[in-house]
Amino acid sequence: MTAARNARRGMCGDGSRSGAAAIEAVRGVVLRIPAGTVLSYGDVADLARLGTPRLAARIMALGQVSTEAPWWRVVRADGTLPDRLQIGAREQYEREGTPLRTTDAHWVQVDMRRARWDGPPRGADRTG
């Protein structure tokens, strides 16, 4: 596939997504995360076939996924969120029964070992 054709399809030369295709792929992943579970930005990037977790984080931070998307289900690899999001996320986690860790360092920290979603079944469309 040529570089121009890749660009038109929202793909980078390495097969990862960019632009509107990346936003749609992240949206598809985030909307499929079940209540009570989470994914890290890296997990979202892998499932959405992005080149880097930073792109997934940027898309989420800019609110490009949608206002209905469960943003609290995407966290840092250590189970935390930026300080400004922790109070709102904690309310959602408690409502959904998301496993949390007790910590003095953060208002809320997800127990990634217990709460991480395994993703869609093998062979399923992984980007929604």
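Counting only C-alpha contacts under 8 Å and six or more residues apart, can you give the relative contact order of region 22-84 as a whole percent? Intermediate values should be presented prior to the final figure.
Details: 71 pairs, mean separation 26.2, N = 63.
Dividing the mean separation by the residue count of region 22-84 yields 42 percent.
Using only C-alpha positions, report the orientation-averaged shadow area of the convex hull of region 30-102, nm², one decimal.
4.7
Give, as a single signed number, the net charge of other residues whose beta carbon lies under 10 Å from the beta carbon of Thr98, with Lys and Arg counted +1 and Asp and Glu -1. It would help to have the intermediate numbers written out before the result.
Values: positive: Arg73, Arg90, Arg95, Arg114; negative: Glu94, Glu96, Asp111.
My count for the surroundings of Thr98 gives +1.
Give, as a single signed number, the net charge of other residues whose beta carbon lies under 11 Å from the beta carbon of Gly79, with Lys and Arg counted +1 and Asp and Glu -1.
Here the charged neighbours net out to +3.
For region 62-127, which GluC sites (Glu not before Pro) pass both filters: DSSP loop (anything but H, G, I, E, B) and at most 16 other C-beta atoms within 10 Å?
Taking region 62-127 and a limit of 16 other Cβ atoms within 10 Å, the loop GluC sites (Glu not before Pro) found are Glu68.
When only DSSP loop residues count, what chymotrypsin sites (Phe, Trp or Tyr not before Pro) in region 29-128 have their Cβ near at most 14 other Cβ atoms within 10 Å?
On the way: sites: Tyr41, Trp71, Trp72, Tyr93, Trp107, Trp117; in loops: Trp107, Trp117.
Listed in order of number, the matching sites are Trp107.
Laboratory data are not the source of any read-out in this text; all were calculated from the coordinates shown. Note that the coordinates shown come from a computational prediction; the quantities given were computed from them, not determined experimentally. Please note: Cβ atoms are built from the backbone with ideal geometry, for glycine as well, and neighbour counts cover all protein chains shown.
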